[in-house]
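Okay, structure first, notes after.
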Amino acid sequence: MQQALTSCTMCGFCKSVCPSFKSINWDTDLSRGRIVLTYGLAVGQIEPDESVVKSMYTCTTCADCVRRCTSKVKIVDIIEMCRADLVANGHILPKHKQMCENIVNYHNPFAEKKSVAETLGLKPHKAEVAYFAGCTATYRATKTAKASMSILDKLGVDWTTLDEVCCGSVMQRVGWPQEDVTKLMQRNVDAITSLGVKTLVLSCAGCYRMFKLEYPKYVKVPFEVLHMTEFLARQKLRLKGLGDVKVTYHDPCHLGRHCGVYDAPRDVIRQFPDVDFKEMQFNRDLSHCCGGGGGVRAAFPEEAADIANTRLDEASFADMIITTCPFCVTNLKAQIGDRKIDVVDLVELVDDHL
């Protein structure tokens, strides 16, 4: 880690893209500043007081700084390692602590007592395709889960729900002990493999990132992992037109910059007949964060709202923002206010027009 920390040249190129810096306007809440803080903590030059801990947790982990960094410093990895060290030494934000304890006790961050399988109302069975709904779509943004399952039915897919628990994304992002995260990983993989599943389909970008990038570091993943948009892009969808609606697309950070999935959602959008689609100025790997990731929405809702407002303003030309993550939908939708715009998950749009 020390080599990575000292690789930062303090050039400040990250300042032009960091959403938390644009919202808070303090250098300590910038990627460069967090590198300095992490180094100071690592060598014992500074103490983890309240202001230091806050700065380490105002990062949405969007990874736009990683894209912009001329020294190729893996800034998000460093921040998440620093968070893990802070948590190990008793420095965790109350909101994050509550969420993680809920996951340990209830297998979801919302302390919902019903399991995912019970909530979705379908009994898992042997099938080649499984749908992993995730906590947010199961318990909060329920339209996304319902639409995903409806699409699979309409396409005649032999699929199953799962006896799933939280994927562990929340814990991983805020620095909770890896031992607890790995237990969740193994439990989910065991539940999936026990049903003979060959392809796992996920509608949540955060869950997808976990299975695609994080799970293989700790457990064996013997099945194909697809985001729902990747699965749909392989299908010949007979969709009805959207009508006289100008649409744009917001790339979730988990799905885009972290996992490189840019084409699949756009391929699906273009299957709507005569769709009036226009990109935002900042799109694909340049896309701006919605503000909800990295534990920011839970701990710093004002920052999350500020970043969401910026993103909504960038889409002022459109009637509808399409995205592919229930968390992005939730955070952006909460700030619409008087704007004449809607925010919709692509799977909901597909289900309504299939």
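Values in this text are rule-based calculations from the coordinates and carry no lab data. Keep in mind that this is a model prediction, so the values were computed, not measured. Every residue, glycine as well, gets a Cβ built from its backbone with ideal geometry; the counts of neighbours run over all protein chains shown.
With viscosity 0.890 mPa s and temperature 25 °C, the Kirkwood radius over alpha carbon pairs of the stretch 2-90 converts through Stokes-Einstein to a diffusion coefficient of 192 µm²/s.
If only the Cβ of Lys and Arg carry +1 and only the Cβ of Asp and Glu carry -1, the dipole of the chain around its Cα centre is close to 440 debye.
When the Cα positions of 308, 157, 62 are compared along the charge dipole of the chain, 157 comes out farthest toward the positive end, with charges on each C-beta of Lys, Arg, Asp and Glu. Peptides 288-301, 213-226, 136-149 ranked from most to least packed, by the mean per-residue count of other Cβ atoms within 10 Å: 288-301, 136-149, 213-226. Find how many whole Å separate the alpha carbon centroid of the stretch 295-335 from the alpha carbon centroid of the stretch 210-248. Here the two parts' Cα centres lie 21 Å apart. Bridging of residue 114 to lysines at a Cα separation below 16 Å is possible for 123, once same-chain residues fewer than 8 apart are set aside.
Across the chain, the relative contact order, built from alpha-carbon pairs under 8 Å that are at least six residues apart, equals 17 percent.
Ranked by the mean number of other Cβ atoms within 10 Å of their residues, highest first, the peptides 45-52, 182-189 fall in the order 182-189, 45-52. Mean separation of Cα pairs under 8 Å and 6+ residues apart, divided by the residue count of the stretch 97-233: what relative contact order is that in percent? Contact order relative to length: 26 percent.
Over 23 Å between Cα atoms, which of 246/340; 97/183; 22/340 qualify? Where the Cα-Cα span goes over 23 Å, the pairs concerned are 22/340. Summing charges over neighbours of residue 244, with a neighbour being any other residue whose Cβ is under 9 Å away from its Cβ, gives -1 when K and R count +1 and D and E count -1.
For residue 342, the residues 5 or more places off, or on other chains, whose built amide H falls under 5 Å of its own are 320, 321. About the centre of its Cα atoms, the stretch 20-160 shows a dipole size close to 460 debye [charges on the beta carbon of Lys, Arg (+1) and Asp, Glu (-1) only; nearest 20 debye]. Once you reduce the stretch 255-278 and the stretch 50-94 to the center of their Cα atoms, the two points are 30 Å from each other.
Each of 269, 337, 245 was placed along the dipole of the stretch 214-354 (beta-carbon charges, centred on the mean Cα), and the one lying farthest toward the positive end is 269. Report, in listed order, any pair from 236/278; 220/278; 74/220 with a Cα-Cα distance greater than 30 Å. Exceeds cut-off: 220/278. Please determine, in degrees from 0 to 90 and to the nearest 10, the orientation of helix 75-88 with respect to the longest principal axis defined by the Cα atoms of the chain, where the helix direction is its Cα long axis. Helix 75-88 sits roughly 70 degrees off the main axis of the chain. Only Cα pairs under 8 Å and 6+ residues apart enter the sum, and on that basis the relative contact order of the stretch 1-113 stands at 25 percent.
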